[in-house]
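Step one of this worksheet: look at the structure below.
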Amino acid sequence: QVQLVESGGGLVQAGGSLRLSCAASGRTLRGYPMGWFRQAPGKEREFVAAIRWDGSKTYYADYGDSVKGRFTISRDNAKNTVYLQMNSLKSEDTAVYYCAAPREDRRYSSVNFKYPYGYDYWGQGTQVTVSS
């Protein structure tokens with residue numbers, strides 16, 4: 001099993017930036033696709049970004065007021081950590097942000113990265129609040 005711990009959230013003014021980290025223990029993240037999701041009060045958990053198991057591709061949400069072009073997902077396998085750099089933050093980005101990892105037999109493979117059911121392990125989340 002893998003344990004995921006998010007950090008880096010906080011209160012920021014609109015237009016500001018934050019970098020979220022997702023540190024893993026208990027298992028390497030190398031070779032696994034990883035995702036970031038968020039959940040605002042009263043709303044369902046929604047996809048934000050994902051990164052392919054080898055880091056060669058990244059994917060971003062393209063719904064509504066898209067995060068594409070403002071957020072960047074990356075990974076550092078040596079540190080067993082995945083990041084989400086968030087720039088030009090808007091009040092609509094306010095949510096609890098979660099990172100997610102798939103189960104062990106998904107190593108070196110793809111998952112349905114846009115959907116929560118594509119993942120099996122979740123962190124506890126980190127709160128991001130953007131004030132306007």
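The values are calculated or read from the model by the stated rules, or taken from the named source; none is laboratory data. Remember, it's a predicted structure, so these values are computed and weren't measured experimentally. Please note: Cβ atoms are built from the backbone with ideal geometry, for glycine as well, and neighbour counts cover all protein chains shown. Quick note on the areas: whole protein, heavy atoms, side chains included, nothing else; ligands and nucleic acids left out. Shrake-Rupley method; radii C 1.70, N 1.55, O 1.52, S 1.80 Å.
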Query raised in the report: Of all residues in segment 75-92, which are in contact (Cβ under 8 Å) with a residue 12 or more places away in the chain and either charged (D, E, K, R) or open to solvent by 40 Å² or more (accessible area, probe 1.4 Å) (or both)?
Result: R75, N77, K79, Q85, N87, S88, K90, S91, E92
Query - Selected residue [hydroxyl-bearing (S, T, Y) and under 12 Å from the mean Cα position of the chain (by Cα)] from S66, S21, S109 - result: S21
Query raised in the report: When you scan segment 75-92, how many residues do you find that are out of contact with any Gly (no Cβ under 6 Å at 6 or more places or on another chain) and either in a strand (DSSP E or B) or under 16 Å from F37 (Cβ atoms) (or both)?
Result: 8
Query - Within segment 55-69, tally of residues that are of a type outside the set (A, V, I, L, M) and either part of a loop (DSSP other than H, G, I, E, B) or under 21 Å from Q124 (Cα atoms) (or both) - result: 9
Query raised in the report: Does T72 meet the test of being polar (S, T, N, Q), touching a strand residue (DSSP E or B) at 6+ places or on another chain (Cβ under 9 Å) and either open to solvent by 20 Å² or more (accessible area, probe 1.4 Å) or part of a loop (DSSP other than H, G, I, E, B) (or both)?
Result: yes
Report task. Tally the residues that are part of a loop (DSSP other than H, G, I, E, B) and surrounded by fewer than 16 Cβ atoms within 10 Å (Cβ to Cβ), restricting the search to segment 31-54. Result -> 7
**Report entry** Residues satisfying the stated conditions in segment 16-30, i.e. surrounded by 13 or more Cβ atoms within 10 Å (Cβ to Cβ) and either at positive phi or not in a strand (DSSP E or B) (or both)
**Finding:** G16, R27, L29, R30
Requested in this report: Filter segment 93-132 down to the residues that are in a strand (DSSP E or B) and open to solvent by 20 Å² or more (accessible area, probe 1.4 Å), then identify the one that is nearest to P41 (Cα to Cα).
Outcome: V96
Query raised in the report: Going through segment 1-15 one residue at a time, which ones are assigned to a loop (DSSP other than H, G, I, E, B) and either loosely packed, with under 15 Cβ neighbours inside 10 Å or acidic (D, E) (or both)?
Result: Q1, A14, G15
